[in-house]
Amino acid sequence: MNGRQTRIRSAGQAAIAPDTTAQESRHRWLDRRSGMSDRRRRALSSSLRAVFREAIPGGASMAYVFGSGLLYLCLSQVVTGMFLALYYVPSADHAHTTVAYITKEVQSGSFIRSLHAYGSSAIVIVLLLHVSQTFLYGAYKGRRKLVWLAGCVLFALMLGMSFTGYLLPWDQKAYFATTVGTNLLTYIPVLGGPLKSLLRGGTEMGTLTLSRFFVLHVFLLPALLLAFIAAHIFLFRRAGPAGAIPRDPETPEQSTELFYPRQVLVDFVFALLIIAGLGVLAHYSPVALGPKASPSDTQYVPRPEWYYIPVFQWLKYWESGFAIVGVLVIPAFVALLFVGLPFLDLRPERRPWKRPLSVSIYGFIFIGLGALGGISHRNDLRNPVIAGRLAKQRADVEAFMRRPFEPEAAGSSPLAALFLSPAASQGKKVFERERCTECHGADLSGTSSAPTLVGVGQKYDTGTLRSILRQPTDAMSDGGMQPVDIKEGDLTALIAFLESVK
Amino acid sequence: MNHPEQTRMGRAAAVFREDDDRLRRTPFGRRSFLGLLLGAGVASLGALLSVPLLRFLLHPLVKAKAQLSWKEIANVEDLASVTSPVKKLVQVEQRDGWRKIVLQKAVYVCRDKRGQLFALSSVCPHLGCSIAWHDEENRFVCPCHNGQFTAEGKLLGGPPPRGMDQLESKVEDGKLVVHYQSFRQLVPTKEVIA
């Protein structure tokens with residue numbers, strides 16, 4: 001044992017032997033344990049310095065802020081996402097309650113959730129600007145092919161992040177938008193059905209779907225994003241920035257400027273603009289939460305997030321027989337065209353006005369998507385039925401947001417953990433004695449023959465409850481509800497019980 | 001073939017060298033000042049952004065105290081025969097983050113020398129064990145460290161720093177109601193903690 005210790009010490013001494021100046025000894029402790037030699041440390045600090053020493057042909061420009069803006073937004077999403085996870089529970093039972101808790105009760109909860117939700121929209125906007133700038137400047141050409149490919153993967157991952165994150169609050173719009181979104185997979189021949197079931201964790205949407213989306217949103221996709229962001233930046237730094245559009249592609253007479261300080265400053269200003277924009281939006285117009293997902297709702301009109309609206313509108317035009325063309329073939333073709341751009345367009349020409357074909361196809365696709373979005377919006381306004389339902393849905397969301405946070409009763413049924421006053425306990429006995437449970441269920445959650453009575457006390461005041469119990473309305477009678485013919489004292493107790501079941 | 005990239009890289013290297021020279025000549029030049037400014041900007045922005053995050057994180061610690069709520073124990077007439085302490089259960093609603101839980105807590109209903117009913121918490125002020133009533137010895141004994149109390153909860157002996165904690169109680173509509181609270185352990189005076 002003694003011999004082994006000596007050997008280790010001598011190895012350590014050998015490692016620091018060549019240089020024993022005062023400054024060296026300061027780092028000796030760390031060096032021995034990290035295997036970091038002075039030479040390596042110097043290399044590390046110089047490579048850190050090199051981050052700011054990127055030479056930009058043509059100089060710093062406002063046009064180059066989008067990449068670093070996206071990097072900032074990703075960081076913001078990671079931080080706000082981690083904080084949201086402090087309170088969020090990914091289960092169909094609790095997801096909506098915990099998001100309501102964050103939104104309505106936790107200090108700054110609504111603000112942080114709004115930053116995260118608006119952040120995803122901001123990413124889509126800045127991403128489109130970043131891609132468009134790259135495209136117009138012809139920056140995907142030549143040595144930057146791989147940068148473009150890594151960027152395409154990042155684009156897809158970002159869309160995946162927003163799609164999976166949309167379900168997590170488990171409110172009406174989240175539930176129904178994801179139902180439609182996952183159903184789209186069935187258009188894929190042969191593999192579609194199994195893929196959908198794999199994503200949903202079964203044939204139907206449910207708590208397993210939420211778990212799967214949570215894992216994708218929080219573990220798998222962020223890990224892939226991180227890896228591809230690293231690859232994207234690494235490849236970009238290897239290839240070097242394309243810089244300004246040269247006047248002549250053969251002899252680019254451009255002076256270069258270092259990344260630091262001007263470009264860093266411009267990027268910083270852009271990040272400030274993003275922070276200010278998101279902060280003002282999140283503070284003055286926080287993201288709302290709708291009522292909890294109710295799968296039996298047949299009236300709900302789902303609408304996806306704004307950036308999926310054009311695709312949503314596009315799908316309306318494809319009759320069932322040709323749907324596969326519209327849903328699969330054309331989008332796949334466009335995606336391939338997009339990804340393969342640097343391999344299809346091999347000319348060194350970068351000036352957009354000398355590339356009329358590719359620029360006009362790109363412009364056409366974007367104008368087309370914008371137009372589809374506009375048409376969808378106009379259709380929703382013009383159809384009175386749809387407009388009415390959408391207005392009602394908005395009103396429902398507002399009404400839900402106005403109600404104070406209602407904590408969830410622990411235990412399996414809402415009655416299990418309910419604190420009952422003596423009058424309500426007596427009312428519970430009356431409820432059981434009068435066999436109300438047979439139709440309304442032992443835990444009042446309703447059966448196929450009668451609706452739930454949970455929350456009935458919030459729906460009607462005591463007087464109304466008393467009168468409709470004594471004399472049910474026509475609709476109630478049609479459903480099989482009998483008049484409650486009991487002593488006045490028992491009725492008071494019964495109402496106390498019903499009012500305590502929230 | 002003429003490689004424009006090569007000349008570009010060459011020029012970049014020249015800029016590096018020039019930049020290095022300048023930095024070496026002026027230890028605190030325009031660039032270091034800019035860097036300082038930028039660093040300060042990033043730091044203050046980070047501090048500003050961490051305010052909502054900290055509020056969010058600390059929310060469970062600064063939540064407002066629960067409101068006073070009276071819990072019913074029993075009808076006073078049912079307690080007429082009480083001479084020595086009797087154990088009663090009281091249901092206490094508590095918030096557990098976004099959940100509402102109902103806990104059953106034991107309280108002792110006792111009668112003082114003037115014949116008034118009052119309630120004692122069954123939680124030992126020493127380390128929080130449940131105190132048991134021993135009828136034959138006419139005293140409360142804590143099973144953990146043998147703290148002993150009179151039928152009115154006064155400390156008789158053992159490690160507890162104070163007597164049993166009396167809970168606020170009153171008679172309302174012929175019912176004894178109690179305000180259930182928890183108190184800090186190991187201190188000589190009664191101090192509410194929840």
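The values are calculated or read from the model by the stated rules, or taken from the named source; none is laboratory data. Predicted, not measured: the structure shown is a model, and the values here were computed from it. Glycine also receives a Cβ, built like all others from the backbone with ideal geometry; neighbour counts cover every protein chain displayed. SASA here: full protein model, heavy atoms, side chains in, ligands and nucleic acids out. Shrake-Rupley method; radii C 1.70, N 1.55, O 1.52, S 1.80 Å.
Using a Cα-Cα cut-off of under 17 Å, which aspartates and glutamates could be cross-linked to A:K104, ignoring same-chain neighbours fewer than 8 residues away?
Partners within reach: A:D171, A:D396, A:E398, A:E406, A:E408, B:D96.
Summing Lys, Arg as +1 and Asp, Glu as -1, what charge do residues with Cβ under 9 Å from the Cβ of B:A106 carry, B:A106 excluded?
+3
Can you give the Rg and Dmax of region A:425-502 based on its C-alpha atoms, in angstrom?
Every Cα atom of region A:425-502 included, Rg and Dmax give 11.3, 30 Å.
Looking at region A:119-186, which trypsin sites (Lys or Arg not before Pro) are DSSP coil and have at most 13 other C-beta atoms within 10 Å of their C-beta? Intermediate values should be presented prior to the final figure.
Values: sites: A:K141, A:R143, A:R144, A:K145, A:K173; in loops: A:K141.
Of the trypsin sites (Lys or Arg not before Pro), not one in the loops of region A:119-186 has a Cβ with at most 13 other Cβ atoms within 10 Å.
Helices from chain A with mean Kyte-Doolittle at least 1.0 and a Cα length along the axis of 24 Å or more, per DSSP H: which?
Qualifying helices: A:65-84, A:109-136, A:145-167, A:221-239, A:264-284.
Using helices alone, I'd like the mean residue ellipticity at 222 nm for chain A: each DSSP H run of four-plus residues gives -39500 (n - 2.57), total over residue count, nearest 500.
After summing the helix terms and dividing by the residues of chain A, the value is -19500 deg cm²/dmol.
If you project the alpha carbons of the protein assembly as shown onto the principal axes, what extent comes out on each, in Å, largest first?
Extents along the principal axes, in whole Å: 110, 81, 49.
With every protein chain in place, what's the accessible area of A:M62 (1.4 Å probe, Å², nearest 10)?
Per-residue accessible area (A:M62): approximately 110 Å².
What's the magnitude of the charge dipole for the protein assembly as shown around its Cα centre, counting Lys and Arg as +1 and Asp and Glu as -1 at the beta-carbon? Answer in Debye, nearest 20.
Dipole about the Cα centre, nearest 20: 3080 debye.
Per residue, how big is the convex hull of region A:185-252 when only Cα atoms are used? Give it in Å³.
For region A:185-252, the hull spanned by Cα atoms encloses 168 Å³ per residue.
List the residues whose amide H sits under 5 Å from the amide H of B:E168, counting only those 5 or more places along or on another chain, with H placed 1.01 Å from N in the peptide plane.
Here B:H179 satisfy the definition.
Which of the residues in region A:68-88 lose at least 10 Å² of accessible area when you go from the chain alone to all protein chains together (probe 1.4 Å)?
A:Y72, A:V79, A:F83, A:L86, A:Y87
Distance check, please: which entries in A:K502/B:K190; B:K105/B:K170; A:K173/A:K428; A:K145/A:K316; B:K71/B:K100; B:K87/B:K154 exceed 25 angstrom between their Cα atoms?
A:K502/B:K190; A:K173/A:K428; A:K145/A:K316
Mind grabbing the interface size between A and B? I mean buried accessible area, both sides, 1.4 Å probe, in Å² to the nearest hundred.
Numbers: alone 29380 and 13910 Å², together 39210 Å².
Interface area, both chains combined: 4100 Å², rounded to the nearest 100.
Just tell me how shielded B:55-62 is by partners: mean number of partner chain Cβ atoms within 10 Å of each residue's Cβ, no decimals. Let's see the in-between values first.
Values: counts 6, 13, 6, 3, 9, 4, 0, 1.
Average per residue, whole number: 5.
Using a Förster distance of 35 Å, how high is the FRET efficiency between A:R433 and B:L127, based on the Cβ-Cβ distance and rounded to 0.05? Write down the numbers at each step before the final one.
Numbers: r = 46 Å, r/R0 = 1.32.
For R0 = 35 Å, the calculated efficiency reads 0.15.
In whole percent, and with a 1.4 Å probe on the protein chains, what portion of the accessible area of region B:128-171 is carbon and sulfur?
Accessible surface attributable to carbon and sulfur in region B:128-171 totals 48 percent.
Count charges around A:N379 for me, please; just the other residues with Cβ under 15 Å from its Cβ, Lys/Arg as +1, Asp/Glu as -1.
Around A:N379, the surrounding residues sum to +4.
In debye, nearest 20: dipole of region A:376-502 around its Cα centre with unit charges on the Cβ of K, R (+) and D, E (-)?
It comes to approximately 440 debye.
Might you tell me the accessible area per residue for the protein assembly as shown, computed with a 1.4 Å probe and given in Å²?
Accessible area per residue, the protein assembly as shown: 56 Å².
Taking the Cα atoms of region A:163-216, report the difference between the largest and smallest coordinate on each principal axis, in whole Å and largest first.
That works out to 31, 18, 17 Å along the principal axes.
For region B:116-194, what Kirkwood radius comes out of the mean inverse Cα-Cα distance, in Å?
After inverting the pairwise mean of 1/r, the radius is 12.9 Å.
For region A:268-329, max minus min Cα coordinate along each principal axis, in Å, sorted largest first?
Result for region A:268-329: principal-axis Cα extents of 51, 33, 13 Å.
Take the alpha carbon atoms of region A:466-502, find their center, do the same for region A:91-123, and report the distance between the two centers in whole angstrom.
38
If you take the C-alpha gyration tensor of region B:54-142, multiply each eigenvalue by 5 and take the square root, what semi-axes do you get, largest first, in whole Å? Don't jump to the answer; show the numbers that get you there.
Working: eigenvalues 217, 54, 24 Å².
The three semi-axes for region B:54-142 are 33, 16, 11 Å.
Using the Kirkwood radius built from alpha carbon pairs, what does the Stokes-Einstein equation give as D for region A:60-217 at 20 °C and 1.002 mPa s, in µm² per second?
Calculated translational D: 123 µm²/s.
Around A:E257, which amide H atoms from residues at least 5 apart in sequence, or from another chain, sit under 5 Å from its own amide H, with H modelled in the peptide plane?
Amide H to amide H, under 5 Å and 5 or more residues apart or across chains, A:E257 pairs with A:I56, A:G58, A:G59.
Below 14 angstrom from the Cβ of A:L198, what's the summed charge of the other residues (Lys, Arg +1; Asp, Glu -1)?
On the way: positive: A:K196, A:R200, A:R212; negative: A:E204.
The answer is +2.
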